[in-house]
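The values are calculated or read from the model by the stated rules, or taken from the named source; none is laboratory data. Model, not experiment: these values are computed from the prediction. Every residue, glycine among them, receives a Cβ derived from its backbone with ideal geometry; neighbour counts consider all protein chains shown. To get the accessible areas, we keep the full protein, side chains included, count just its heavy atoms, and leave off ligands, DNA and RNA. Shrake-Rupley method; radii C 1.70, N 1.55, O 1.52, S 1.80 Å.
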Amino acid sequence: QVHIVESGGGLVQPGGSLRLSCAASGTFFRISTMDWYRQSPGKQRVLVATITAFDSTINLESVKGRFTISGDNSKNTMYLQMNDLKSEDTAVYFCSAQYQTYMGSPNFRSWGQGTQVTVSA
């Protein structure tokens, strides 16, 4: 079981920056991917960015050039640097990890509780 904790959300003015953090802990064989999702009021949860031990990807077109994903594989931590924030970035941001409990096991996924990001003047 992997336990996920996010932090770093808050209220920021348009054009401002925030850095979200995600830490994964627990008992597992390996974490294959860690992802940031976000969910705005009344909308579906969408994938924002993904990181593996070898690569990172910003998946959401509207945040490319403004958001950067990074991580420390040895510490099972991940970050989302968000710059030039816009009102449409307002959402609850969730961290998620896909992991295996032993070599060759099925993949499992854990989610954090989410952290609120509000962009408003």
Determine if region 61-84 includes at least one residue that is of a type in the set (Val, Ile, Thr), in a strand (DSSP E or B) and open to solvent by 60 Å² or more (accessible area, probe 1.4 Å). yes
Could you list, in sequence order, the residues of region 88-105 that are open to solvent by 70 Å² or more (accessible area, probe 1.4 Å) and either in contact with a His (Cβ under 9 Å, 6 or more places away or on another chain) or over 25 Å from ARG30 (Cβ atoms) (or both)? GLU88
Within the set of pairs 6+ apart or on separate chains, which have a first residue in region 102-121 that is closer than 17 Å to VAL46 by Cα, a second that is of a type in the set (D, E, K, R) and surrounded by 15 or more Cβ atoms within 10 Å (Cβ to Cβ), and C-beta atoms under 8 Å apart? GLY112/GLU6; GLN113/GLU6; GLY114/GLU6; THR115/GLU6; VAL117/ARG38; VAL117/ASP89
Matching residues, region 11-36, being surrounded by 13 or more Cβ atoms within 10 Å (Cβ to Cβ) and on the phi > 0 side of the Ramachandran plot: GLY26
The listed residue being open to solvent by 80 Å² or more (accessible area, probe 1.4 Å), assigned to a strand (DSSP E or B) and either in contact with a Cys (Cβ under 9 Å, 6 or more places away or on another chain) or more than 30 Å from ALA121 (Cβ to Cβ) (or both), out of PHE108, PHE54: PHE108
What is the residue count in region 27-47 for residues that are small (Gly, Ala, Ser) and touching a residue at least 40 places away in the same chain (Cβ under 8 Å)? 2
β-branched (Val, Ile, Thr) and touching a Lys or Arg at 6+ places or on another chain (Cβ under 9 Å): does that describe ILE69? no
